[in-house]
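The values are calculated or read from the model by the stated rules, or taken from the named source; none is laboratory data. Note that this is a predicted model, so its numbers are computed, not measured. Here the Cβ positions follow ideal geometry from the backbone for every residue, glycine too, while neighbour counts run over all protein chains shown. To get the accessible areas, we keep the full protein, side chains included, count just its heavy atoms, and leave off ligands, DNA and RNA. Shrake-Rupley method; radii C 1.70, N 1.55, O 1.52, S 1.80 Å.
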Amino acid sequence: MSNKKVIAVVGATGAQGGGLVRAILADTTGEYAVRAITRDVSSEKAKALAQMGAEVVAADVDSEESLTKALQGAYGAFFVTFFWDHFSPEKEKQHARNMANAAKAAGVQHVIWSSLEDTRKWIPLSDDRMPTLQEHYKVPHFDAKGEANAYFAEAGVPTTILNTSFYWENFIFFGSGPARGEDGKLVLTMPMADKKLPGIAVADIGKTAFNIFKNPSYIGATISIAGEHLTGEELAKGLSNAFGEEVVYNAVPASVFRTFGFPGADDMGNMYQFKAEFNADYVGARNIDAVRAINPELQSFAQWLEENKERIPR
């Protein structure tokens, strides 16, 4: 491994990090090795990565010291935070700061920071079109990441900011997929009206990130990615075709979605409202042709469904 460029991946057992680990392990050039950084090296997911050929190293994102140690000797580092573990934007920002400082201390030559837009640049806290959450945010899990972009610049770390989008695996794992109504019909509920929702396969986040690591000219850039932009009606039609059963699109208002009562419903409702009301900016930042130029294997929703339709609960 000593003659290879090591890419360290925080959150290696999660969705985005796992996609990158698999992309690196699938590379046949022999130029890169992957170091999977996780809190629990004894977990089944961590053991599986080790069996696949990853170097698995323990570190805690609450500890800058442990991150610095885990990053020693790495050429690149992929950083992602875990908002849905704790729902705290303040904690998320501290984790990002720890990552930035650790990368600087370890001499990492290329960081990819998995981020999102700070929605307050479009809809300030004083704007009452959507409620302000946790006193300081409109969409906490977006805004904290966007605010944390500055930490990497302040630390002087060579960084590419990677703005992701809704990943289609949310239909499998995050309860975002169609639910069966009292009449037995499958219903996809999203407060997106007739606006397009950029989406992407987790594997393509990983493949795109890996190709960014291969090209130092992306250092200093902000790259926003998606695999396809689809309306709720188009998503429902795609699901219908895959299932061989009709899926109906239910375009509820964001104000209704915020009342659904699951943890983070208010945050998610605000997120969808932001994506719908500022659709031209949000979609426009995610140029599919530009993403495909970085990752020629970029999947469409139909391609992803062909591989994953049986995994979606219904």
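Among the residues of the stretch 130-149, the one identified as assigned to a loop (DSSP other than H, G, I, E, B), open to solvent by 10 Å² or more (accessible area, probe 1.4 Å) and touching a residue at least 60 places away in the same chain (Cβ under 8 Å) is 131. For the stretch 180-201, the count of residues that are in a helix (DSSP H, G or I), buried (at least 24 other Cβ atoms within 10 Å of the Cβ) and not small (Gly, Ala, Ser) is zero. Every test in (1) touching a strand residue (DSSP E or B) at 6+ places or on another chain (Cβ under 8 Å); (2) free of Cβ contacts under 8 Å to residues at least 12 places away in the same chain; (3) among the β-branched types (Val, Ile, Thr) is passed by residue 259 save one, and that test is (1). Whether a residue is within 20 Å of residue 164 (Cβ to Cβ), surrounded by fewer than 17 Cβ atoms within 10 Å (Cβ to Cβ) and of a type in the set (S, T, N, Q) was assessed, and residue 241 does not pass this test. Screening the candidates 166, 152 for the property of being modelled with pLDDT of 95 or more, in contact with a Ser or Thr (Cβ under 7 Å, 6 or more places away or on another chain) and either under 30 Å from residue 104 (Cα atoms) or surrounded by fewer than 24 Cβ atoms within 10 Å (Cβ to Cβ) (or both) yields one hit, 152.
Filter the stretch 73-109 for residues that are touching a strand residue (DSSP E or B) at 6+ places or on another chain (Cβ under 9 Å), part of a loop (DSSP other than H, G, I, E, B) and either surrounded by fewer than 24 Cβ atoms within 10 Å (Cβ to Cβ) or among the aromatic types (Phe, Trp, Tyr) (or both) and give the result. The answer is 73, 75, 109.
Set side by side, the residues 82, 142 differ, and just one is hydrophobic (A, V, I, L, M, F, W, C) and modelled with pLDDT under 95, which is 82. Total residues in the stretch 259-301 satisfying the condition of being among the hydroxyl-bearing types (Ser, Thr, Tyr) and surrounded by 17 or more Cβ atoms within 10 Å (Cβ to Cβ): the figure is 2.
The set of residues from the stretch 202-237 being within 21 Å of the chain's Cα centre (by Cα), under 22 Å from residue 152 (Cβ atoms) and surrounded by fewer than 23 Cβ atoms within 10 Å (Cβ to Cβ) comprises 211, 214, 215, 218, 219, 220, 221, 222, 223, 224.
Taking first residues from the stretch 28-47 that are more than 19 Å from residue 210 (Cα to Cα) and part of a loop (DSSP other than H, G, I, E, B) and partners that are open to solvent by 20 Å² or more (accessible area, probe 1.4 Å) and acidic (Asp, Glu), the Cβ contacts under 6 Å between residues at least 6 apart in sequence or on separate chains come to 39/60. Of 248, 252, 283, all but one fail to be closer than 18 Å to residue 313 by Cα and among the hydrophobic types (A, V, I, L, M, F, W, C); the exception is 248. Out of 21, 9, which single residue is touching a residue at least 60 places away in the same chain (Cβ under 8 Å) and part of a helix (DSSP H, G or I)? On inspection, the qualifying residue turns out to be 21. When residue 159 is tested against (1) touching a Gly at 6+ places or on another chain (Cβ under 8 Å); (2) farther than 25 Å from residue 199 by Cα, just one condition goes unmet, and that condition is (2). For the stretch 302-314, the set of residues classified as in a helix (DSSP H, G or I) and either of a type in the set (Lys, Arg) or open to solvent by 40 Å² or more (accessible area, probe 1.4 Å) (or both) consists of 302, 303, 306, 307, 309, 310, 311, listed by residue number.
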